[in-house]
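For reference, the structure discussed in these notes is given below.
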Amino acid sequence: MIILGINETSHDASVSLIKDGEVLFAGHAERYSKKKNDWYNNREIILDALNYGTPDAIAYYEKPLLKKSRIIIHGGASDWKPKFPINVPVYYFKHHHSHAAAGYYTSAFDDACIVVLDAIGEFNTSTVWVGEGEKIKLRYKQNYPVSFGLFYSAFTQLIGLMPNQEEYIMMGMAGYGDWKKYYKKVDDYFPSYDKQKYNFHKGITDWGFVSEQDKFDIAAAVQMVYEQRLNQFMRMAKSLTGKNNLVFMGGCALNSSANTLLWNIFDMIWIMPNPGDAGSSLGAAAALYGKHINWNGPYLGHDLGGDYPIQQIVNDILKDGIVAVASGRAEYGPRALGNRSILADPRDPSIKDKVNLIKQRELFRPFAPVVMAEHAHKWFDMDFESPYMQYTVKCIQPEKIPSVVHVDGTSRVQTVTKDQHPGLYRVLNKFYLQTGVPILLNTSLNIKGQPLLNDMKDVLDWQAHYGYNILTGITPL
Ligand SMILES: [Fe+2]
């Protein structure tokens, strides 16, 4: 059976297509429409998905009436209009159920504690599920307005960033701040995982003036309080379920600094590379399928074709320090993991500023390293793999790779094995043989605030507009 999963009418619309437990396609609407966090799917992404098969059923993320009732009671956007031009059975799955299914059914576990933390679903904001065999069962729920995600987003807005979009920037700013300065004040807003001072959905209205330096100190305090509440919540979830494996989903699972701490609580952790709402088109499809899906990696979106241009990448990095790559299928998830990436030499301290200039980002923003998995422990304080750039860890040799180490001495690491991405692994191996460093800087191929490049038109537009060559591995006719 072929199932089309759809997420739309909230931020990050997406489409997925699965067939008998194989993911045929999974992509983000914004990459096609060029509207960041696009709420709606478009003709192009639907057609791209349908190239891989014709659905027998459609699974929608969210229960429309339940969400509408929350919007009527509490306010919010209300232009709900599910529609799809194929006459097949349509099913709806709750917001947190879709998140839980996306996580558990793509995991290798048949026994796990599943935690979903986000801003808000229909009503649920924090849920704990038990996964056993092919069954997932709800064990705990916290409803709106108490919410980990709304807490983090409200402070994102307080310091002048875009809520629901730029939380990752606040996380990066935390490294520059003094967490102690505002800890008490922030802690009072969120004293326990199930208690908050007020409804953060309406923003923070009683803080007063926020200076530029305050922004970094507030970010640091918010990150600290968030990590402490997360720690409490996860310990509660572990004792509630009695499980040693964790599946973590929802937008909060994108907080890579906090995620690292979870290895102190659970033996094994799986965070699907698209844990936020964009990942829930796959979640809705998985919930309808109701069984584990064969997970072969995140390269599930638009297919540019081409052979990964291994030698060209290595040559250009050794010559120029920076290279742009767009090859094969786009990543499903917010991180570029090699197929829509800018790769650069991490040894050069000036590279960070050069890449930030290309991407038009704030100069304080850190960059992530991609490392051959078997070398990761020699360069970073980690005894686990991080294939999707989901954990921030201490760098052991920061003086050798200054451009991928944050001001607080940490790096958000992507580990790569031969199976995971043979082309990227070979690039790293060749760079390692030439330099002794099995690491490159890896950042998304986009301009700040814009979606990642998707198709050949994007590649040509970028090259014409910015004057940079992009390696595609496609041989000209
Ligand atoms: Fe969500």
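The values are calculated or read from the model by the stated rules, or taken from the named source; none is laboratory data. This is a predicted model, so every value here is computed, not measured. For neighbour counting, all protein chains shown are included, and Cβ atoms are generated from backbone atoms with ideal geometry for every residue, glycine included. The accessibility values were calculated without ligands, DNA or RNA, using every heavy atom of the protein model including side chains. Shrake-Rupley method; radii C 1.70, N 1.55, O 1.52, S 1.80 Å.
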Original post:
Tell me, which residue of the range 123-145 that is open to solvent by less than 10 Å² (accessible area, probe 1.4 Å) and under 17 Å from A286 (Cβ atoms) is nearest to the ligand (Cβ to nearest atom)?
Top reply: T127
Subject >> Scan of the range 20-46 for residues that are closer than 16 Å to R329 by Cβ, open to solvent by 30 Å² or more (accessible area, probe 1.4 Å) and out of contact with any Phe, Trp or Tyr (no Cβ under 8 Å at 6 or more places or on another chain), ordered by number >> reply: E22, Y32
Original post:
Which pairs have Cβ atoms under 7 Å, sit 6 or more apart or on different chains, and link a residue in the range 237-258 that is closer than 27 Å to G175 by Cα and outside any loop (DSSP other than H, G, I, E, B) to one that is acidic (D, E) and away from the ligand (no atom under 16 Å from the Cβ)?
Top reply: A258/E227
Original post:
If you take the residues of the range 88-122 that are away from the ligand (no atom under 16 Å from the Cβ) and modelled with pLDDT under 95, which of them is nearest to P163 (Cα to Cα)?
Top reply: Y91
Original post:
Which of the residues spanning the range 1-19 are of a type outside the set (S, T, N, Q), within 20 Å of P89 (Cβ to Cβ) and open to solvent by less than 10 Å² (accessible area, probe 1.4 Å)?
Top reply: I3, L4, G5, I6, V15, L17, I18
Original post:
Of all residues in the range 266-279 being over 14 Å from the mean Cα position of the chain (by Cα) and open to solvent by 10 Å² or more (accessible area, probe 1.4 Å), which is nearest to the ligand (Cβ to nearest atom)?
Top reply: I269
Original post:
If you check L246, L262, L282, L240, which single one turns out to be surrounded by fewer than 22 Cβ atoms within 10 Å (Cβ to Cβ) and closer than 29 Å to E166 by Cβ?
Top reply: L262
Original post:
Which of the residues that make up the range 158-188 are assigned to a helix (DSSP H, G or I) and surrounded by fewer than 18 Cβ atoms within 10 Å (Cβ to Cβ)?
Top reply: Y168, K180, K181, Y183, K184, K185, D187, D188
Original post:
Counting just the residues of the range 249-259 that are within 20 Å of E8 (Cβ to Cβ) and either in contact with a strand residue (DSSP E or B) (Cβ under 7 Å, 6 or more places away or on another chain) or open to solvent by less than 10 Å² (accessible area, probe 1.4 Å) (or both), which one comes out nearest to the ligand (Cβ to nearest atom)?
Top reply: G250
**OP:** Would you mention how many residues in the range 306-334 are within 14 Å of V427 (Cβ to Cβ) and among the charged types (D, E, K, R)?
**Re:** 2
Original post:
Is there any pair with a first residue in the range 368-381 that is under 12 Å from L440 (Cβ atoms) and among the β-branched types (V, I, T) and a second that is at pLDDT 95 or above and open to solvent by 10 Å² or more (accessible area, probe 1.4 Å) whose Cβ atoms are under 8 Å apart and which are 6 or more apart or on different chains, and what are they?
Top reply: V371/W379
Original post:
For the range 340-366, how many residues meet the condition of being in a loop (DSSP other than H, G, I, E, B) and closer than 18 Å to G175 by Cβ?
Top reply: 8
Subject >> Unique match (being farther than 18 Å from V314 by Cβ, surrounded by 14 or more Cβ atoms within 10 Å (Cβ to Cβ), among the β-branched types (V, I, T) and out of contact with any Cys (no Cβ under 8 Å at 6 or more places or on another chain)) among V413, V437 >> reply: V413
Subject >> Scope the range 388-410; condition crowded, with 20+ Cβ neighbours inside 10 Å and part of a loop (DSSP other than H, G, I, E, B); matching residues >> reply: Y388, M389, Q390, I401, V405, H406
